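Everything below concerns the one structure shown next.
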Amino acid sequence: MSKKVEQYLRSVGYEVRNLTFAKYAEAAGLEPMLPDHNAVCSVDFLRCQTLVFIGAVGIAVRTIAPYIKSKLTDPAVISMDERGTFVIPLVAGHIGGSNELARCLAANLGGTACVTTASDVNGLFAVDEWAARNNMVLCSLKAAKDFAAALVGGEKVGLYVDEDINVNNALPQQVEYSSTLPIGMAITLTKDLQPFKTTVRLLPKIVHLGIGCRRGTAMEKIEELVLSQLAQLNLDKRSVAGIASIDVKKDEQGLLAFAEKYKVPVNFYSAAELNNVVGEFTASDFVAHTVGVSNVCERSAVLDSKGGRLLLHKTCKDGVTLAVAVEKLQVDFQHTGLKK
């Protein structure tokens, strides 16, 4: 059964380690759990996105119990019997995606997913699960719980979206555009926006930073400019999806350190790629002579955001140049798919 689970997980894009008790490993052709399953879990619970236990659910529960912290950070954990008859999401059902993965595994194996969360049982919209699938930051777990409780209680809840965000298809059941309802969700880039008394604020990760700098610029100089400009734009730093620059900066330690500190991926583009970006950009003859393109920060921000809109044109301080672009966002509440 574990090999069938491995095959399915690999088919949807997971990297998989398939382990069993040491005494069975050689005969099964699997990797041994050394020194034992508890020690393996103590490491893998922290570093893996998903854990699937095949065996008695009690063993799975006792094994993960010391490491459970928060539904915001715990990995998806699933327990299933050795025949694949019942597939049970244990923790991180929505944000971690274990509910959806359990359904997908059960469908693939011909079993039954045993999902017990109230929103799923009642066929209601789960804001935390939807946010995780759509690469949005859930700003308040308490507000999300109140939102879910309102839906389960049969109440209507409101929806606010920024004016440049498009919504495709129908809204979820009991959700409506309204500014008068006491509870609602806001899909917005505006920091601390609270259009409802109880607001589930969802930050789309669609902001991209284009950064240029002098050789040897300290990380702190980059950080100072970025944070100050995000604050002026009233943007939460958690909405940043990527950092971009020209490829001659791929070994720039200050830039790499900044990306590492804030856990944001950084992409580097060639001068030819940046020159092909369509738009009106602030030009510099000096930059063109030095790196082969007249503007690095604006062009890289737009390219990294897949042709998005510039929120901040070239801004300079202490040898750092910064531009900020935002992706075009289409919201679809009917969107489904396995979160990997």
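The values are calculated or read from the model by the stated rules, or taken from the named source; none is laboratory data. The shown structure was predicted, so the numbers you read here are calculated from the model rather than taken from an experiment. Cβ placement follows ideal geometry from the backbone for every residue including glycine, while neighbour counts extend to all protein chains displayed. Ligands, DNA and RNA are stripped out before the accessible areas are found, and what is left, the full protein with its side chains, is counted by its heavy atoms. Shrake-Rupley method; radii C 1.70, N 1.55, O 1.52, S 1.80 Å.
Side notes on the structure shown:
- Any hit, the stretch 113-122, residues being hydrophobic (A, V, I, L, M, F, W, C) and in contact (Cβ under 8 Å) with a residue 40 or more places away in the chain: no
- Wholly within the stretch 128-193, strands (runs of 3 or more DSSP E) carrying at least 1 residues that are open to solvent by 40 Å² or more (accessible area, probe 1.4 Å) and closer than 20 Å to ALA241 by Cα: 166-168
- Counted residues, the stretch 198-250 - those being farther than 15 Å from TYR262 by Cβ, without any contact (Cβ under 8 Å) to a residue 24 or more places away in the chain and of a type outside the set (D, E, K, R): 1
- Helices (runs of 4 or more DSSP H) enclosed by the stretch 223-300 - at least 3 residues per element that are under 30 Å from LEU138 (Cα atoms) and open to solvent by less than 30 Å² (accessible area, probe 1.4 Å): 253-261
- Taking every residue in the stretch 140-163 that is more than 25 Å from THR190 (Cα to Cα) and pairing it with any residue that is open to solvent by 30 Å² or more (accessible area, probe 1.4 Å) and assigned to a helix (DSSP H, G or I), at least 6 positions away or on another chain, the pairs with Cβ-Cβ distances below 8 Å are VAL152/ALA118.
- Whichever residue in the stretch 81-108 is open to solvent by 40 Å² or more (accessible area, probe 1.4 Å), assigned to a helix (DSSP H, G or I) and of a type outside the set (A, V, I, L, M, F, W, C) and, among such residues, is nearest to GLN49 (Cα to Cα): ARG103
- Residues being touching a Leu at 6+ places or on another chain (Cβ under 6 Å) and within 24 Å of LYS328 (Cα to Cα) - total across the stretch 163-183: 3
- Against the conditions (1) under 20 Å from THR315 (Cβ atoms); (2) open to solvent by 10 Å² or more (accessible area, probe 1.4 Å); (3) modelled with pLDDT of 95 or more, THR198 satisfies every one except (1).
- Among the candidates TYR8, TYR14, the residue that is assigned to a loop (DSSP other than H, G, I, E, B), open to solvent by less than 60 Å² (accessible area, probe 1.4 Å) and either out of contact with any Cys (no Cβ under 9 Å at 6 or more places or on another chain) or at negative phi (or both) is uniquely TYR14.
- When residues of the stretch 110-127 are limited to those that are touching a helix residue (DSSP H, G or I) at 6+ places or on another chain (Cβ under 6 Å) and aliphatic (A, V, I, L, M), the one most open to solvent (accessible area, probe 1.4 Å): ALA118
- For the stretch 36-54, the count of residues that are within 23 Å of PHE333 (Cα to Cα) and either outside any helix (DSSP H, G or I) or acidic (Asp, Glu) (or both) is zero.
- Residues (open to solvent by 40 Å² or more (accessible area, probe 1.4 Å), over 17 Å from THR116 (Cβ atoms) and assigned to a loop (DSSP other than H, G, I, E, B)) located in the stretch 55-69: ALA56, LYS69
- Residues within the stretch 279-297 that are more than 15 Å from ARG214 (Cα to Cα), out of contact with any helix residue (DSSP H, G or I) (no Cβ under 8 Å at 6 or more places or on another chain) and aromatic (Phe, Trp, Tyr), tallied: 0
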